[in-house]
Ligand SMILES: [Zn+2]
Ligand SMILES: [Zn+2]
């Protein structure tokens, strides 16, 4: 799963695309979940733009365990909980915020602008 957030940085005076204000679930920017490993250790799986080691996407999952640190792909902790992240994005998933909350998980939303 890759980050589907499209960030658009606009320079003053440039109108290359139509800009539409939209909202997305805050879990597209930051999401964390604690996972208890097989030996009882607690690891933290994070989805954000800073912690992961992929260079081809903006946001991705990372984990605090050794398997993630030295492995190439997602560790079993990420695999176990990555489906729990909401990731609702109005541009790609459609729908509307409900009472200022994410329609999918009821969590916080953040405003964005997207080019269409
Ligand atoms: Zn892990
Ligand atoms: Zn959500």
Any chance you could count how many residues in region 32-75 are touching a residue at least 24 places away in the same chain (Cβ under 8 Å), over 17 Å from the mean Cα position of the chain (by Cα), within 27 Å of residue 104 (Cα to Cα) and surrounded by fewer than 18 Cβ atoms within 10 Å (Cβ to Cβ)? 0
Please go through region 37-95 and give me each residue that is within 16 Å of ligand 2 (Cβ to nearest atom) and at positive phi, ordered by number. 87, 94, 95
Hey, does region 33-47 have a residue that's closer than 28 Å to residue 17 by Cβ and either part of a helix (DSSP H, G or I) or away from ligand 1 (no atom under 16 Å from the Cβ) (or both)? no
Residue selected from region 76-100 under the condition farther than 28 Å from residue 53 by Cβ and either surrounded by 15 or more Cβ atoms within 10 Å (Cβ to Cβ) or within 16 Å of ligand 1 (Cβ to nearest atom) (or both), by the criterion farthest from the chain's Cα centre (by Cα): 97
(1) more than 16 Å from ligand 2 (Cβ to nearest atom); (2) surrounded by fewer than 15 Cβ atoms within 10 Å (Cβ to Cβ); (3) at pLDDT below 95: which one isn't true of residue 1, the others all being true? (1)
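The values are calculated or read from the model by the stated rules, or taken from the named source; none is laboratory data. All values reported here derive from a predicted model rather than from experimental measurement. Ideal geometry is used to build each Cβ from the backbone, glycine not excepted, and the neighbour counts take in all protein chains shown.
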